[in-house]
Each structure stands twice: as C-alpha cells, then as structure tokens.
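Read the structure below first, then the notes.
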Protein chains: 2
Amino acid sequence: MPEISEQEYSQQRLQQVNEALGSGMFVYVRKLLQNMPAYDLALILESSPTKSRTILWQLIDHDHHGEVLEELNEEVRKGILKNIRPEKLAAVAEGMDVDDLAEVLRTLPDSVYREVLNSMDSQDRSRVETALSYEEDTAGGIMNTDTMTIRPDVTVDVVLRYLRLKGELPEATDSFYVVDRQDHFIGAVSLTAIVTSKPEEVISSLIDEEITAINVEMPETEVAQLFERYDWVSAPVIDEEKHLLGRITIDDVVDIIREEAEHSMMSMAGLDDEADTFAPIVKSTQQRSIWLGVNLVTALMAVAVSSMFEEILGQLAILAILNTLVPSMGGVAGNQTLTLVIRGIALGHVGESNSKALLYKELAVGFLNGIIWALLIATVVALWKQDMVLGGVIAFAMLMNLTAAGIAGVSIPLILKKMDIDPALAGSVILTTITDVVGIFAFLGTATLFLGT
Amino acid sequence: MPEISEQEYSQQRLQQVNEALGSGMFVYVRKLLQNMPAYDLALILESSPTKSRTILWQLIDHDHHGEVLEELNEEVRKGILKNIRPEKLAAVAEGMDVDDLAEVLRTLPDSVYREVLNSMDSQDRSRVETALSYEEDTAGGIMNTDTMTIRPDVTVDVVLRYLRLKGELPEATDSFYVVDRQDHFIGAVSLTAIVTSKPEEVISSLIDEEITAINVEMPETEVAQLFERYDWVSAPVIDEEKHLLGRITIDDVVDIIREEAEHSMMSMAGLDDEADTFAPIVKSTQQRSIWLGVNLVTALMAVAVSSMFEEILGQLAILAILNTLVPSMGGVAGNQTLTLVIRGIALGHVGESNSKALLYKELAVGFLNGIIWALLIATVVALWKQDMVLGGVIAFAMLMNLTAAGIAGVSIPLILKKMDIDPALAGSVILTTITDVVGIFAFLGTATLFLGT
C-alpha cells in the first residue's frame, strides 16, 4: 500500500503529466499514460485545461481511446470529439460497448454521426442502430447486448462444457438467461447455482425467482432503484412481448446513481450536472450568465417592492440598514426546507400521500424558528437603537417570513414536480423571490404603519 | 410490467399502509408488509411520521427486522432503536451481516451496546468485536467476513466438487481468494475463470491480476473510487501483513457513493446528510436553528457595513432601495463557482496542481459576467432614475463584486480543504459574508464618493 492517499497520488500524477507536457517532453508523457486504466486517463483529461486536452488525447495509446471516451464527462467528451475526424472515430468505436457507443453518438452533430455509422461494418452498425432506437434515459439506452442465453432443458453439465469451450464470459456476468426458441425470456440462473448444483441437474429447476426482467422502456432512475432494492449485479431487459433484448450491469447503474445525486446539487446552483470544471472562459461565462439573468429579475422584484416604500426609507435610514436582515434569514430557512424536500422526492420519501403531513411539520418548524429569531433580533435592535417599536416591527416581519419560508419550501418543489419542472433547477429562484418579497413587504409595510409620520 | 411507474406505485402502497394504519386495521397492515423486500419496508418507515413508526415496526415480520435495520437511514434507525429492549435487539442482530450490525451498534448508547454484545453467543460476539475494532469510515468498517478461500495448488475440479458439496455461496460472490496456510492473500480467482477452465487446471494459474487487495485502513471514499475505476463487484481486504480479513461488496459501495454525493448538497444547506425528512418538530427546529444562528451573524455583518453609510442612506432613499441588488448577484455568482469547485474536489478534478489555473479561469469568468451585468444594470438604472452617475456607481460595484465572487468561490473551498474543514458545510456561509460585505462596501462607498453632498 502506498503511504499517501489515492487522491494525493492522483494529484501528484496529474502534476507530473502537466509539467512534462509543459516542457514538451511528449515521449515521456506518452510513457506515463501508457499503463493507466481508462478511468485515470479520463480523470487527467477532465482535470486539465482545454488547450492541453487535444495533445493529451493524441498521446494516449489509440487502442484505449474507446474506453476513455466511455469514462469521460459528457461536456469534456464533446470538446474532444469535435477535433476527431469521423473515420478515426469509427476506428475508436470498434472497441466500445454498444450502450456507451450509442451514448457517444447521440452527442455528435447529425452529419458526423451518419458518417461514423456508415464507416462501420453492417453487423456493428445494426447493433448500434438498435441501441439508438431506445430513449437515452431508459433501460434500453443503458443496456448491453452481450447476454449469455441457455435453453431450459439442458443440464448443468452441458452448460459447463459449453462454457469451457467458449473460454470466456462477458464482463460482470453473474447469471445466464433462460430463453425459449423464440427468444422469450423464461428466467435467470445464477452462476452460483451452476457451480453449486449437481452436473445432472436440469437448468429449468435452477431458475432464480428473485431476478425479474426489466422492461426496455423503464426510466433509468427506476432501474437504479431496483438495483439498490435487490442488490443486483446485472439484470435482463425485455420488450413488451417478453423477448430478451439485453442486460444492464451494475457499473452503469453506479454512474446513474452518482449523476442523479450530483444533479440536484448542481441544478440548485444553476449549473449543468455535466459541466466541465475547466471549460473555456467564454463558454463558462455564457452558461453562468443565463442563471445570473434569471436571478437579476428576482433581485429587481425585491428592488421594486422596496421602492414602494421609498417615503419611509427616506425618513428613517435605520430601515434601509436593517432591510436585508429579514429576507436573508427567510432565504436560508426556506432553502433548508427546499433541500430536504428535493432530496425526499428523489429518494421516494415524499409524495402526495404524505405531503400534507410534511407541510404541517415544516410550517411548525418555520413558526418555532420564527419565534426564536424574532425574539432575539427584537432584543438586539431594541437595545441597540433604544426603540421598542422598531424591535417589534422586525420581530413581526421575521416571524411572518420564516413561516412563509416553511410553507414555500414544501409547496414549491411539490407544485413544480406536478408541472413536470425540475424542482432542483427552478425551486431556489422561486423560493428566494417569495422570501425576499414577503420579507421586505412585512418589514417595511409594518414599519410604515407603526413608525411612519 | 405495471402501467404506473415504480415511484407512483411506492406512493400508492405507502398511502394504503397509512390509511389502514389510521383506521386501526393492524392485521391488514401486517399482511401488506409481509411480502415486501427490506428496502421497501425501510422506505415506508422513512416516509412515515415518527408516531406511526413504532407501530409499523411492530407489524413488520420480526424475522425481517435485521434486514430492515440495515437499510434504514441512520437518524430514523436511532429513533426506532430507542424503543427496542436490548434482549430483543440481540435476537434481531442474529440475522444481520457483521458490517451492518457493527454500524448499528456504533450508534447505540454504551450501556445498551454492551448489553446487546453480552447477550450474543461468543462466536458472533467476537466477530462483531473485530468489526468494531476498525474505524467506521474505512475498508474495515464496511467489510464482511464471509469470504470463500481456496489453496493455490488444488485443481478446478476439486473446487467444483467442494462447491457442490457446500451447496451455496455468500451473496455477490464473483471470485474466490487464494490464500496460503497462514491465511496470507495470494490472489483472486474469478468465478468466471472457474467455469470456463478445464477441470484439471491448477488454481494458481488462474489468478486474476486485475483484482488487487484493499488495505483494511483505506478510507471508504477511496474504496468507492477503486470500485468505480475497475468496475469491481467485490474486493478482498487485507491487513499490513497481507492476511486476508474479509471482502467488500458493491452494494455497500453503492451506498457510499450515494451518501457522498448527497452529503455535499445537504451540507451546503446546513443539513445533516442523514437528516430524517419526518423528524419530530422540536428536533428539526433545534437542528435548523444552529445554521440560522450562523447566518444571522453573517447577516448582521452586512447590516454593520450598511450602518457605516447611514448618512448617505439618509440622504438618498434610492440607495437603500438598490442596496440589495449587488450583494444578491454576487452571492449567486459566487455560489455557482463554489458548487463547481466543491464537486471538482469530490471527484478528484481539483487539487494543488491545477488550482491556479482554475482561479484564473473563474476570475476571468467573474470579470466578464461582471461587465455584462454592470452594463445592463447601469443602463436600467440610468434610464429609470435619469442619473448617469448612479448608473456608473452601481455598475462599478457589480463588476467589483462579481470578480470578488469568482476569486472567493475558488479560494474558500481550497483553503477550507487544507484546514480540514468540510468546504460543503462552511463554504457558502463564508462566501455569502464576503459577497455581502464587498457588495455593500463597493456600492455605498462609491456612492458616498460620487453622490454624497
């Protein structure tokens, strides 16, 4: 075992590669990259500035290009594919899994995509075209076609003899699929059952009832849930007529789980979950500016509400100074509820059956926290400015806004979900608008009533 | 295949269970719960209010209690364990995997934990005590001891005969571990190799070089990276002297990956990643109030900065109205950079070797976006208030703050990481403080210079 951690080791290697690249020691870089697994090569490409990526790509052993493409983040991959000629891409494609190749092809411009398909041999092309005919985020889009099938009436001994003849199995094969002559899926027999059963045992008696087939149109997030629920390593995929089409393996499911969990976090900041950390400056600026624009509209709404109270703001500068406090606390409290509910929806904890209970709970939490912070801030302000009325005004606004934040934090994501809008993406903007508007209105409105002259 | 989605189905079932529970139809509920897998039972418990959980727990078939505990979220599990007597818990523990049982025991109060251990038989107790001797978040903490070992000098035929005698294998067994007489790990032989090789082949010639052993002290996040890198289904765990101690399986790794990805999102909102969606109101209020308190301090710092400009705020009410605009945009922009960098650190993309390049990039992105929004907001304000100087003042402040946001968004998480503080937890508070202070200072400061009388 190395004394340093994996992460430090990765960083050291990355530095080594980049320094060698900077000094133009290309032969050395090529040597460094030679024995790395595809995952590490992808990590190095993702961690390097865009201008180094093209050179690094050339220095990677061409036989590994396919595997590296499979591992790459989508945005980074697109950048690299732009610089590869279609004929070359067809050569790279040969070594790739059908599901990964289909994923790569989907991101290409139409003309290039056609050209790549045309330069493939007809058998490969038809396999890829089948994969492309399924929706990207469904079981069909992530399945592979390298299944091992057997007939129900053969014995374990026959299977073992066949396997010895074959000499190898597709990766992550933990079960064989039993099919009839029309390729209808009958059931699965685990590799474990094959090695622990007597040679004369008939396959049909070994079928594992726990392994059920996945419909080709099932969304990939549900596929991931099934894998988590039953601890599967692989699962068969069938069509409506129960024809066996392929299988899904755990490594693809792991990617889905990671992407799904990252998606919420990135979306809440208005970022694409496939965002390239080292994207070119102009591209990043463009991507970010959309979100900033949306937020400017939100911020201008807060300004508009404040401007309704121009008169009292002109009279009392202290109101201007304190005006940010209530919206800020409301935003933080609302965002906590929002995050909890978004995670709850993703995990399947929150839905129609318990949304009312959750609403009451968060309303109560908001109200209680409202009381706590209202009392505290009222005391601080009353002592600081020797003004009990001002203290009362800000306390009232705080209580109103934290209660509103609790209600908004639960209802916004649920309403968005119903409208088929991603709550992680739109939720926080809408929430902040509400907590800003309610906060300013409650504070300056009450102030006008009690402090205006 | 059902016509409705998995998620809708879960929600329907949850509603069914809760309605039946509400009407006191306990026998029916028990029947509903009887044939559900442990994952679904855990989901139902997690999705129910705390007061229903105790009853539901009683209605779940007691033989399934162990499996359900394994699947439960930590906070929910603690709540349920509080109500179980130690003797009962010992009975539940019998059916559990050693790694999961150790995890459960760690969360118990010392007295209960001792009592549970004492009521177990000595063999089980010693296995659990060994598991407990390893750190929770390391390979030792997540490994299981159910390994299949074989000697290097036997033949495939002998192994197959042994397996047939044994009749079953531990879950997710995709390879056997070859050990010498002192239990030193020599290598792994895949189940695939066993079934595809000739009966007379010797085990030592079938060792798979791709499967390397994991040190028992390796942090679990690094274990997860290795599984992702090499697409492992299971991996052996060894100590410093290369003794085989156990193995880690992909289902535990999937949990780690999900938790890790959720952790960032929850921490950024100041929530614990094991937070119970339906926690009791008082508990939730307490947990949230800490974060709100921290944010109140931040908000008061912004108030303090504003109060330094009381004079000019008193003169020009329009400054009070516009005062939220620049800090708000800075907060959003900074948060985007922060989120990108936090994800980059978690994925191993960002470290010392490329932090400078990232800083320049985000500085440039912040500056460019600063120019865009400065120009836009200057135009809006100049047209609205017919005041070119005011437009210039807010434009300058916007440019300053978005640039500062870019710098802060990259440097804060990197500095926190170096200080061993979780960037996801502390990052956004510190960032918001900076963008608030810089934004208000730049806006009101410049206004004092150019608009003050």
Scanning the stretch A:259-281 for residues that are part of a loop (DSSP other than H, G, I, E, B) and not acidic (Asp, Glu), which turns out most open to solvent (accessible area, probe 1.4 Å)? A:Pro280
B:Glu200 is checked against (1) more than 34 Å from the chain's Cα centre (by Cα); (2) open to solvent by 60 Å² or more (accessible area, probe 1.4 Å); (3) closer than 19 Å to B:Thr249 by Cβ and fails just one. What number does that condition carry? (3)
Show me the helices (runs of 4 or more DSSP H) entirely contained within the stretch B:19-78 in which 3 or more residues are within 12 Å of chain A (Cβ to nearest Cβ). B:38-46, B:50-59, B:65-71
Flag if A:Tyr9 is in a helix (DSSP H, G or I) and out of contact with any Phe, Trp or Tyr (no Cβ under 9 Å at 6 or more places or on another chain): yes
Mind checking which residues of the stretch A:359-382 are open to solvent by 50 Å² or more (accessible area, probe 1.4 Å) and closer than 15 Å to B:Ala299 by Cα? A:Leu376, A:Val380
Within the stretch A:383-393, count every residue that is touching a Leu at 6+ places or on another chain (Cβ under 7 Å) and open to solvent by 10 Å² or more (accessible area, probe 1.4 Å). 1
By residue number, the members of the stretch B:244-258 that are touching a residue at least 12 places away in the same chain (Cβ under 8 Å), assigned to a helix (DSSP H, G or I) and within 9 Å of chain A (Cβ to nearest Cβ) are B:Ile250, B:Asp251, B:Val253, B:Ile257
All positions within the stretch A:153-185 that are surrounded by fewer than 20 Cβ atoms within 10 Å (Cβ to Cβ), charged (D, E, K, R) and in a loop (DSSP other than H, G, I, E, B): A:Asp153, A:Glu168, A:Glu171, A:Asp180, A:Arg181, A:Asp183
With the structure loaded, tell me whether A:Glu259 is more than 17 Å from A:Asp422 (Cβ to Cβ), acidic (Asp, Glu) and either out of contact with any helix residue (DSSP H, G or I) (no Cβ under 7 Å at 6 or more places or on another chain) or in the same structural domain as A:Ser428 (by TED's automatic domain parsing) (or both) or whether it fails that test. no
Check the stretch A:313-322 and report whether any residue there is under 26 Å from B:Met268 (Cα atoms), part of a helix (DSSP H, G or I), within 8 Å of chain B (Cβ to nearest Cβ) and among the hydrophobic types (A, V, I, L, M, F, W, C). yes
Between a residue in the stretch A:39-61 that is farther than 20 Å from B:Arg229 by Cα and any residue that is of a type outside the set (A, V, I, L, M) and open to solvent by less than 40 Å² (accessible area, probe 1.4 Å), which pairs come within a Cβ distance under 6 Å, given they are 6 or more apart or on different chains? A:Pro49/A:Phe278
Residues of the stretch B:199-227 being acidic (Asp, Glu) and in contact with a helix residue (DSSP H, G or I) (Cβ under 6 Å, 6 or more places away or on another chain), in sequence order, are B:Glu201, B:Glu220, B:Glu222
How about the stretch A:279-291: which of its residues are facing chain B (nearest Cβ under 7 Å) and farther than 13 Å from B:Gln336 by Cα? A:Ile281
The stretch B:74-86 residues that are without any contact (Cβ under 8 Å) to a residue 40 or more places away in the chain, paired with ones that are surrounded by 17 or more Cβ atoms within 10 Å (Cβ to Cβ) and outside any helix (DSSP H, G or I) (beta carbon under 7 Å, 6 or more apart): B:Leu81/B:Leu108
All conditions in (1) of a type in the set (S, T, N, Q); (2) in the same structural domain as A:Glu220 (by TED's automatic domain parsing); (3) more than 29 Å from A:Val189 (Cα to Cα) are true of A:Thr173 except (3)
Within the stretch B:292-312, which residues are among the β-branched types (Val, Ile, Thr) and more than 7 Å from chain A (Cβ to nearest Cβ)? B:Val294, B:Val297, B:Thr298, B:Val305, B:Ile312
Looking only at the stretch A:331-351, filter to residues that are closer than 19 Å to A:Leu414 by Cβ and more than 7 Å from chain B (Cβ to nearest Cβ); which one of those is nearest to the chain's Cα centre (by Cα)? A:Ala346
Looking at A:Gly344, A:Gly314, A:Gly330 in this structure, which one is assigned by TED's automatic domain parsing to the domain that holds A:Gly445 and more than 30 Å from B:Glu311 (Cβ to Cβ)? A:Gly344
Complete set of residues in the stretch B:203-223 that are open to solvent by 40 Å² or more (accessible area, probe 1.4 Å) and within 11 Å of another protein chain (Cβ to nearest Cβ): B:Glu210, B:Thr212, B:Glu217, B:Pro219, B:Thr221
Residues (under 28 Å from the mean Cα position of the chain (by Cα) and assigned to a strand (DSSP E or B)) located in the stretch A:115-152: A:Thr138, A:Asn144
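Name the one entry in B:Val158, B:Val154 that is among the aliphatic types (A, V, I, L, M) and farther than 26 Å from B:Asp239 by Cβ.
Of B:Val158, B:Val154, the one residue that is among the aliphatic types (A, V, I, L, M) and farther than 26 Å from B:Asp239 by Cβ is B:Val158.
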Test: A:Ser10 is of a type in the set (S, T, N, Q), modelled with pLDDT of 80 or more and assigned by TED's automatic domain parsing to the domain that holds A:Val128: no
Would the stretch B:394-406 turn up any residue that is at negative phi, surrounded by 24 or more Cβ atoms within 10 Å (Cβ to Cβ) and under 21 Å from the mean Cα position of the chain (by Cα)? no
Out of everything in the stretch B:224-240 that is within 12 Å of chain A (Cβ to nearest Cβ) and within 21 Å of B:His184 (Cα to Cα), what residue ends up being surrounded by the most Cβ atoms within 10 Å (Cβ to Cβ)? B:Val237
Is there a residue being among the small types (Gly, Ala, Ser) and more than 30 Å from A:Phe450 (Cβ to Cβ) anywhere in the stretch A:296-314? no
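The values are calculated or read from the model by the stated rules, or taken from the named source; none is laboratory data. Predicted model, so just to flag it, every value in this text is computed and none were measured. Please note: Cβ atoms are built from the backbone with ideal geometry, for glycine as well, and neighbour counts cover all protein chains shown. Only protein heavy atoms, including side chains, enter the accessible area calculation; ligands, DNA and RNA are left aside. Shrake-Rupley method; radii C 1.70, N 1.55, O 1.52, S 1.80 Å.
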